[in-house]
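Written out below as structure tokens is the structure these notes cover.
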Amino acid sequence: EGTTVERFSSTGTRITSGGWPKTLQTLGTTLAPTSTGGFIECSTTSDIVGTYDSSGTLLYSTPSGIGATTDGLGCSVSTDGRIGVAWNGTTDTIAVYTDSTLATTSFTYSNTGSLGNPTAVAFRANGNILAIDGTNNNILEIDTSGTLGRTIPTRSVSGAAGMIVLQ
């Protein structure tokens, strides 16, 4: 709810100690778990993506760094620890960061002709990233070098806020 994240035990009991529920610094749009027990958060209020440890402490954060492109609408974590972000704004961009420090990008993809309103991202087993485009109602597959591989037309992704890839 709003800026609060809840934590539950493996048996489904709500944890209310050690700072939980945790109030984050920003209004999040997407949370995704990391392999270390933490999570990443995309945000529209402070326009950042952030990585948190298992106690909910912010470790690293970064703004888009892309002029007039601010809202982080979708985040995903690959099995090798890369972070994918759908940055939405004037220059809609998919960015893939090499790791949870968010210091370096593996690649970015921006093409307003095919990507007009990115709202969600997810990694495929082959390392490619899928991105939902809410303007053209397509799913884009972008390869590991940042090149558009294919466009998957669909009528059902308008307004999508998340995506999960089943391997």
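Per-structure values
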quantity: Computed accessible area, Thr93, all protein chains, 1.4 angstrom probe, square angstrom; calculated: 10
quantity: Trp87, Trp20, ranked by accessible area, largest first (probe 1.4 Å); calculated: Trp20, Trp87
quantity: Protein accessible area in segment 49-94, 1.4 Å probe - carbon and sulfur %; calculated: 51
quantity: Accessible solvent surface per residue of segment 1-135, calculated while the other protein chains remain in place, 1.4 angstrom probe, Å²; calculated: 44
quantity: Most mobile listed residue (Leu24, Leu130, Leu73) in the chain, GNM with C-alpha springs under 10 Å; calculated: Leu24
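The values are calculated or read from the model by the stated rules, or taken from the named source; none is laboratory data. Please read all numbers here as calculations on a predicted model, not as lab measurements. To get the accessible areas, we keep the full protein, side chains included, count just its heavy atoms, and leave off ligands, DNA and RNA. Shrake-Rupley method; radii C 1.70, N 1.55, O 1.52, S 1.80 Å.
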